[in-house]
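J.: Here's a structure for you.
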Amino acid sequence: MSIWALMIVCGLITFAIRYSFIAAEGHFQPPDWFVRLLPFVPVAALTALTAPELLLVDGGIELGGGNVRLWAGAMAILAAALWRNTVLTIGIGFLAFHLLQRL
Amino acid sequence: MTPRQAFLLGLRSVLPLLLGVAPFGVIYGVIALQSGIPALAAVAMSSIVFAGSAQFLLAQLAGAGAPLLLSAGAVGLINLRHALYSASVAPLLARLPRRWKLLLAYLLTDEAYAAAIPHLLPAPGRPRREFAHWILFGSGFGLWAGWQVSTVAGVAIGAQLPAGLGLDFALPLTFIAIVVPMIDSRALLVTALAAGCVAILLAALPYKLGLFLAALAGLIAGAALIGRRQ
């Protein structure tokens, strides 16, 4: 089977998922409970993407000092909460990541 | 604000994410070639599928000769979380012509959504909603361009980036920079804690299903807390 056919099918599936609710908007009235969930989407989805990156090492939860990403991430979280500045948060996170690696 | 300014705002907001996306693009290019995908197809996949983790999986499945139905199903599951983004931005795009909806749906990725959403939430001083599509277009286009360039680089160079730089850490760091300032209520804190815990507990599930279920758990936990107070 051609790699091209596979790519086109998968491209269409991906697009259909991304287009689903955008296309349906205005054509049906989503239930109230569903509308109430939507404001939580950014925090829920982006935290779900991030937490495993910080806490899991080779599939296991690693809370020790050896898990550099966790502690650098914790400092980034603190910086983000204090100053709410994107560049500063990323900078402090990276700095911590490299400093901790050298310890 | 003009459309041009809104576009540039979206573009600027996605730039820090490119730092983290670029290494993934390069690595994808390398892995696709190693799996036996021709260079042209490997590059084309970045515009036809345009979904990082799904492309990694497809490269592996294609290399292993997996059947079409299985590969397509796996890609559908991996990208299920994008339906949540679709629902989240749909009200902002309701009045646009169809060509805008098609374009913005095509460009709707984790990173582009994350970069744009802080500017789309209603708040005093925020750009008016009539420019939401230009902001999303700016972040979507920026990410798209960065992904294409890094994929081509991976196919052309054919070698891994040095691992010690930790460039891939830029992605979680940027998500932290975006999410933490958004958490300004107990309900949102509970949302984040629930989503994070479930994502870790279910990380072993195939096809990134854990991510989708964790996001759902976060939504339900946050909304339940709001509902109880009313």
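J.: Can you give me the convex hull volume of the Cα atoms of the range B:162-211, divided per residue and expressed in Å³?
T.: Numbers: hull volume 4.8 nm³, N = 50.
So the per-residue Cα hull volume is 96 Å³.
J.: Quick check: residue separation of A:Leu78 and A:His98 times 0.36 nm, minus the Cα distance between them. What number comes out in nm? Please list the in-between numbers first.
T.: Values: separation 20, 0.36 × 20 = 7.20 nm, distance 1.73 nm.
Gain on extension, A:Leu78 to A:His98, equals 5.5 nm.
J.: While we're on this one: In nanometres, what is the gap between the two model label sites at A:Ser20 and B:Leu102, each 7 Å from Cα along Cα-to-Cβ?
T.: 2.1
J.: Can you tell me the order of B:65-71, B:171-177, B:49-55 when each peptide is scored by its average per-residue count of other Cβ atoms within 10 angstrom, highest first? Walk me through the numbers on the way to the answer.
T.: Working: B:65-71: 13.1, B:171-177: 27.0, B:49-55: 23.3.
Output ranking for B:65-71, B:171-177, B:49-55: B:171-177, B:49-55, B:65-71.
J.: Tell me the relative contact order for chain A as a rounded percent, counting alpha carbon contacts under 8 Å between residues six or more apart.
T.: Numbers: 41 pairs, mean separation 16.4, N = 103.
Result for chain A is 16 percent.
J.: For the range B:183-230, how big is the tail of P(r) above 18 Å, as a whole percent of Cα pairs?
T.: When every Cα pair of the range B:183-230 is considered, 29 percent fall beyond 18 Å.
J.: Based on alpha-carbon atoms only, what is the radius of gyration of the range B:18-139 relative to the globular estimate 2.2 N^0.38 Å?
T.: Numbers: Rg = 16.7 Å, N = 122, 2.2 N^0.38 = 13.7 Å.
Expressed relative to 2.2 N^0.38 Å, the Cα Rg reads 1.22.
J.: Please compute the average number of Cβ atoms from other chains found within 10 Å of each residue's Cβ in peptide B:184-195. Before the final figure, lay out each step's value.
T.: Details: counts 0, 2, 0, 3, 6, 1, 2, 8, 8, 2, 4, 10.
Averaged over the peptide's residues, the number is 4.
J.: Using helices alone, what [θ] at 222 nm do you get for chain B, with -39,500 (n - 2.57) per DSSP H run of 4 or more residues, divided over all residues and rounded to the nearest 500?
T.: Values: 11 runs with 170 residues, N = 230.
Result for chain B, helices only: -24500 deg cm²/dmol.
J.: Return the whole-Å distance between the Cα centroid of the range A:44-81 and the Cα centroid of the range B:171-205.
T.: The range A:44-81 and the range B:171-205 have Cα centres separated by 10 Å.
J.: Calculate the mean, over all residues of peptide A:63-69, of how many other protein chain Cβ atoms lie within 10 angstrom of the residue's Cβ.
T.: Details: counts 0, 0, 0, 0, 0, 2, 5.
Average per residue, whole number: 1.
J.: Return the average number of partner chain Cβ atoms within 10 angstrom of each residue Cβ along peptide A:22-31.
T.: That works out to 5 on average.
J.: Normalised by the number of residues in chain B, what is the relative contact order in percent for Cα pairs under 8 Å and 6+ residues apart?
T.: On the way: 276 pairs, mean separation 76.4, N = 230.
Averaging sequence separation for qualifying contacts and normalising by length gives 33 percent for chain B.
J.: Another question, then. In chain B, how does Rg compare with the Kirkwood Rh, expressed as the Rg/Rh ratio over alpha carbon atoms?
T.: Working: Rg = 18.4 Å, Rh = 18.8 Å.
Result for chain B is an Rg/Rh of 0.98.
J.: Under 1.5 on a/c is rounded, so check that first for the protein assembly as shown, then, if it is not, pick prolate when a/b is larger than b/c and oblate when it is not; a ≥ b ≥ c are the square roots of the alpha carbon gyration tensor eigenvalues.
T.: Values: a/c = 1.39, a/b = 1.08, b/c = 1.28.
Judged from the Cα gyration tensor, the protein assembly as shown comes out rounded (a/c under 1.5).
J.: Another question, then. Placing one identical point scatterer on every Cα of the range A:40-102 and ignoring solvent, what is log10 I(q)/I(0) from the Debye formula at q = 0.25, 0.26, 0.28 Å⁻¹?
T.: -1.10, -1.14, -1.18
Values quoted throughout were computed directly from the atomic coordinates according to the rules given, and no laboratory measurement underlies them. Bear in mind that the values here come from a model prediction, so they are computed numbers and not experimental data. Reconstructed Cβ throughout: ideal geometry from the backbone, glycine too, with neighbour counts over all protein chains shown.
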